[in-house]
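The values are calculated or read from the model by the stated rules, or taken from the named source; none is laboratory data. Fair warning: this is a prediction, and the values are worked out from it, not measured in the lab. Because the Cβ atoms are built from the backbone with ideal geometry, glycine has one as well, and the counts that use them run over all protein chains shown. What goes into the accessible areas is simple: the full protein's heavy atoms, side chains included, and nothing from ligands, DNA or RNA. Shrake-Rupley method; radii C 1.70, N 1.55, O 1.52, S 1.80 Å.
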Amino acid sequence: MAGLRDLYQRIRNAVCRSAVITEQLRMYNLDAGVREYQSFLNSFQTIVGELLGDDGTLAAMGIGAAPDYIVEMMRGLLGAQEQKDYVLLADLLALQIQPFLQGLLEQLRSAETGGLLSDHTAKNLAALSERDPALAKRLSGLGDAGGSGDSGSIGSPDGSAQEAWRDLFVEETSVGYPTCRVERDGESFYLHSNQDPFAEARAWVRALPDEQTTGYHVLGCGLGYHVLALYEELRECYPVHVYEADLRMMKLALRFLDLERALRSGLLIFHEDVQWRALSEAIARPGQKLCIHYPTLRLIKDDRLRQGFEQFFLQDSSYRNAKMLLQGNFDANMESMRAQPQRFLTADVLRGQFLDKTVTIVAAGPSLDKNVSRLSACAGQQDGILIACGTVFRKLLGLGIRPDYVLVTDANPRVLSQIYEQEKNDVPMLMLSTANHGFAVRYQAVHYMLFQEGYPRAEQEAAARGCMCVKTGGSVMTTALDTVIRLGAKRLVFVGLDLAFTDNLAHASGTSNRVATDTKDLTAVKAWDGGTVYADQKFILYRTWMERRLQERDAAAVDVINATEGGSYIQGMRHIPLAEAMSL
């Protein structure tokens, strides 16, 4: 048993190291890749040496491989190394060596039913105790999940595991390190990859480090893979704080992952944070970054708290995934402002026009079809302003309704269809600073630029120009709400703001994708008329953002009306028909 467990640990370590080397070689990080490869090759030779020198014990248990195949693999590795063909070497590691080692792991699991995973609890707790003896004591006193380093489920439907762990299941992965499955409220979901949790973790951390951050704060410890990957990515230069509400998860991370060195360094710090207050306070300080382990969000029971973190995650991940697109658009738009200052102005110059006015904002929700014909009376009024989001711009023009402004925020080039055949229209455009630069190039009317909070380049430009920053909230309508409040309007009327799949539809006719949907994966929410309508998580997050924005002090001076006549009920708005709103 001990011999098999030792072999198992060495093989799974070799699998993970070969994956890292493959990534390094494919990024042409040759110095690190070749250095790591030399160490890996020694380990791999030791492993295959045991197989080739087997006295029949391993073979009797079905563990091993044909000697000729092993020799062929070694010849291939050594040949690629000698020729310095690092492209081939990476391919051999990924396509031949890793599957071979994973096959050995499967053979070992089939031969040994007593458990092959090591238990790191004692040494991890000892290291933790040096820095946080109180937390170490609490974890030490927490009941074990059963077993001692055994693989398989922690909890099981037949009730054989301890009751306190009944919803957590630890399962083997193909690389020998475990993942964790959670069963809760009739649902089952995983916290880490079933294929390679370390590779998943490395992918997660790559976009996190930046030049402005001096402290990293992770929501959720899981089994610790992403935490350890971030610690290693930062090269022991910056602290990684880990916040977890469920001590059981922390205990599992200490059990299944070797965190001793990181804990002793003082740069990996665990915090028990039942209400996530310590985390919220920590990230409020300058230079601190919130890093959300997304699967952990499903473990947060407080709906309001979970939705707040989900909204941050969606905005942050959207920014990280579209970083170059945002940067490219921003630079191009700023160049347009410098080249044509008479056509590109900041939105601040509109304060006088918006002050104490009634502003009607038209979104593209499916309920717009119910009352869009009434909007013609809003257009061109002296005491009112009509703003169309880009999605509904062409629909309004087709109905003979000319808005006073069109608002665009999306960075993707696909949204340029919103101005198709309207490039020479003279309706002024409100434009987010990172909106697709094609709007600036193709649309010939005057543009009023909006600089957004949360995007450092926009904040810096706004500061240099002495103009306002707006909160975007992740959508064109949340941006519109914040912008109009800041510009001093006395009344704001929303139309087409469903934030739901009214009549199972996504958009009004003649706008964007109108494809019908079912309610299988949607959430029932309070409707505009007090009944029920269905929304997805994105719509719920936008609605929640608006409700919170309306609680801020400056919003109290604005009469905000939801005249959509359908969709979600939005707390903080008056819900009346459009005809009544127009008579005020």
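In the range 343-351 there is at least one residue matching the filter, namely being touching a strand residue (DSSP E or B) at 6+ places or on another chain (Cβ under 8 Å) and over 18 Å from residue 483 (Cα atoms). Hey, does the range 178-188 have a residue that's of a type in the set (S, T, N, Q) and at pLDDT 95 or above? So far as the range 178-188 goes, yes, one or more of its residues are of a type in the set (S, T, N, Q) and at pLDDT 95 or above.
Within the range 344-362, the set of residues being surrounded by fewer than 14 Cβ atoms within 10 Å (Cβ to Cβ) and in a loop (DSSP other than H, G, I, E, B) comprises 355, 356.
Table: residues versus (1) open to solvent by 20 Å² or more (accessible area, probe 1.4 Å); (2) at pLDDT 90 or above; (3) not hydroxyl-bearing (Ser, Thr, Tyr).
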position	(1), (2), (3)
306	yes, no, yes
325	yes, yes, yes
331	yes, yes, yes
364	no, yes, yes
376	yes, no, no
380	yes, no, yes
389	no, yes, yes
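Taken as a whole, the condition of being at pLDDT 70 or above and touching a helix residue (DSSP H, G or I) at 6+ places or on another chain (Cβ under 6 Å) applies to residue 541. Close Cβ contacts (under 8 Å, 6 or more residues apart or on different chains) running from residues in the range 292-304 that are without any contact (Cβ under 8 Å) to a residue 24 or more places away in the chain to residues that are part of a helix (DSSP H, G or I) and among the hydrophobic types (A, V, I, L, M, F, W, C) comprise 294/313.
Selection of the range 445-504 for residues being modelled with pLDDT of 95 or more, hydroxyl-bearing (Ser, Thr, Tyr) and open to solvent by 10 Å² or more (accessible area, probe 1.4 Å) yields only 448. Evaluation of residue 63 against the conditions (1) in a helix (DSSP H, G or I); (2) closer than 25 Å to residue 195 by Cα shows that the sole unmet condition is (1). Looking only at the range 344-351, decide whether some residue is more than 19 Å from residue 440 (Cα to Cα) and within 22 Å of the chain's Cα centre (by Cα). For the range 344-351, residues more than 19 Å from residue 440 (Cα to Cα) and within 22 Å of the chain's Cα centre (by Cα): absent. Of all the residues in the range 225-251, those that are acidic (Asp, Glu), in contact with a Leu (Cβ under 8 Å, 6 or more places away or on another chain) and in a helix (DSSP H, G or I) number 1. Here the strands (runs of 3 or more DSSP E) wholly within the range 515-584 that include at least 1 residues being farther than 19 Å from residue 305 by Cα and among the aromatic types (Phe, Trp, Tyr) are 532-535. Taking the criterion of being β-branched (Val, Ile, Thr), touching a Cys at 6+ places or on another chain (Cβ under 8 Å) and closer than 23 Å to residue 581 by Cβ, would at least one residue in the range 327-346 satisfy it? There is no residue in the range 327-346 that is β-branched (Val, Ile, Thr), touching a Cys at 6+ places or on another chain (Cβ under 8 Å) and closer than 23 Å to residue 581 by Cβ. Exactly one residue out of 25, 51 is open to solvent by 10 Å² or more (accessible area, probe 1.4 Å), touching a Gly at 6+ places or on another chain (Cβ under 7 Å) and assigned to a helix (DSSP H, G or I), and it is 51. Taken together, the residues in the range 185-216 that are surrounded by 15 or more Cβ atoms within 10 Å (Cβ to Cβ), closer than 21 Å to residue 298 by Cβ and touching a Pro at 6+ places or on another chain (Cβ under 9 Å) amount to 4. Of the residues screened, residue 310 is not one that is farther than 26 Å from residue 475 by Cα and acidic (Asp, Glu). In the set (1) over 16 Å from residue 441 (Cα atoms); (2) open to solvent by less than 50 Å² (accessible area, probe 1.4 Å); (3) touching a residue at least 24 places away in the same chain (Cβ under 8 Å); (4) not acidic (Asp, Glu), the condition left unmet by residue 336 is number (1). Among the numbered conditions (1) more than 22 Å from residue 178 (Cα to Cα); (2) free of Cβ contacts under 8 Å to residues at least 60 places away in the same chain; (3) hydroxyl-bearing (Ser, Thr, Tyr), the only one that residue 110 does not meet is (1). For residue 523, are the conditions met, namely being open to solvent by 60 Å² or more (accessible area, probe 1.4 Å), of a type in the set (Ser, Thr, Tyr), under 24 Å from the mean Cα position of the chain (by Cα) and at pLDDT 80 or above? Yes, satisfied. Taking the numbered list (1) more than 35 Å from the chain's Cα centre (by Cα); (2) without any contact (Cβ under 8 Å) to a residue 60 or more places away in the chain; (3) under 22 Å from residue 109 (Cβ atoms) in turn, residue 13 passes all entries but (1).
Table: residues versus (1) touching an Asp or Glu at 6+ places or on another chain (Cβ under 8 Å); (2) among the small types (Gly, Ala, Ser); (3) outside any loop (DSSP other than H, G, I, E, B).
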residue: 170; (1), (2), (3): no, no, yes
residue: 176; (1), (2), (3): no, yes, no
residue: 181; (1), (2), (3): yes, no, yes
residue: 194; (1), (2), (3): yes, no, no
residue: 198; (1), (2), (3): no, no, yes
residue: 203; (1), (2), (3): no, yes, yes
residue: 208; (1), (2), (3): yes, no, no
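Suppose we filter the range 274-304 for residues that are small (Gly, Ala, Ser) and either surrounded by 14 or more Cβ atoms within 10 Å (Cβ to Cβ) or closer than 20 Å to residue 204 by Cβ (or both); how many remain? So the count comes out to 3. The residue that is nearest to the chain's Cα centre (by Cα), among those in the range 90-129 that are β-branched (Val, Ile, Thr) and not in a loop (DSSP other than H, G, I, E, B), is 121.
Restricting the search to the range 391-406, which residues are of a type outside the set (Asp, Glu), part of a loop (DSSP other than H, G, I, E, B) and open to solvent by 10 Å² or more (accessible area, probe 1.4 Å)? Within the range 391-406, 399, 400, 402 meet the criteria.
Among residues of the range 436-453 that are aliphatic (A, V, I, L, M), those with a beta-carbon under 7 Å from a residue that is open to solvent by less than 50 Å² (accessible area, probe 1.4 Å) and part of a loop (DSSP other than H, G, I, E, B) at least six positions away or on a different chain give the pairs 445/425; 445/427; 445/428; 446/343; 446/428; 449/433; 450/433.
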